[in-house]
Amino acid sequence: MLVYRIVLEKYASLYASGVEGRWNSSGAKVLYTASSRALACLENVVHRSGEGLNDLFRTLVIDIPSSERIEKITQKDLPKNWQQFNMEHVCRQVGDDWFYRQESLVLQVPSIIIPNEFNYIINAQHKNFKKVKLKLIEPFIFDTRIKQ
């Protein structure tokens, strides 16, 4: 399965920093990826609040082996208001539980931005992380019509 990650050029690798995110606590080394380039773009726009979109970016095309089990979280598995900013702790607990169980390499989570679309969290500390391959690094330029 191919997934996509748009990053600043200097971070164009499969490096996971362990920085806290919606689905992980600090120290849990994961890669946030999206099911499409378009969703990866929107995730960047939302999280950057339109700032810094004129920097040098790259799209990482990442291949997750089809043999790997993907654990899936659906909206039904989450509280009604899980998308709200003050509910990040709920999502983080779900992600941390998955991360520390080490039962699967990938966690599929619903996108807050686009209903019925998915992001894929890859556990960089899972025993099978070495099977994840960076297939391609492409230049990415945010369209200038996106509000900065």
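Some values worked out for this structure:
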{"item": "Yes/no for residue 88 being farther than 29 Å from residue 141 by Cα, charged (D, E, K, R) and in contact (Cβ under 8 Å) with a residue 60 or more places away in the chain", "result": "yes"}
{"item": "Filtered residues of segment 100-148 (kept if over 13 Å from residue 4 (Cα atoms), surrounded by 13 or more Cβ atoms within 10 Å (Cβ to Cβ) and among the aromatic types (Phe, Trp, Tyr))", "result": "129, 142"}
{"item": "Leading residue by the ranking (nearest to residue 135 (Cα to Cα)) among those in segment 57-92 that are hydrophobic (A, V, I, L, M, F, W, C) and in contact with a Ser or Thr (Cβ under 9 Å, 6 or more places away or on another chain)", "result": "62"}
{"item": "Strands (runs of 3 or more DSSP E) completely within segment 33-148 that count 1 or more residues being among the basic types (Lys, Arg)", "result": "57-63, 70-72, 133-140"}
{"item": "The listed residue being aliphatic (A, V, I, L, M) and within 23 Å of residue 27 (Cβ to Cβ), out of 114, 121", "result": "121"}
{"item": "Selection status of residue 86, more than 29 Å from residue 9 (Cβ to Cβ), modelled with pLDDT under 95 and either in contact with a strand residue (DSSP E or B) (Cβ under 9 Å, 6 or more places away or on another chain) or polar (S, T, N, Q) (or both)", "result": "yes"}
{"item": "Filter pass, residue 31 being farther than 15 Å from residue 110 by Cα, crowded, with 18+ Cβ neighbours inside 10 Å and either of a type in the set (Lys, Arg) or in contact (Cβ under 8 Å) with a residue 40 or more places away in the chain (or both)", "result": "yes"}
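The values are calculated or read from the model by the stated rules, or taken from the named source; none is laboratory data. Given the structure is predicted, the values throughout are model-derived calculations rather than measurements. All Cβ positions, glycine included, derive from the backbone under ideal geometry; neighbour counts span all protein chains shown.
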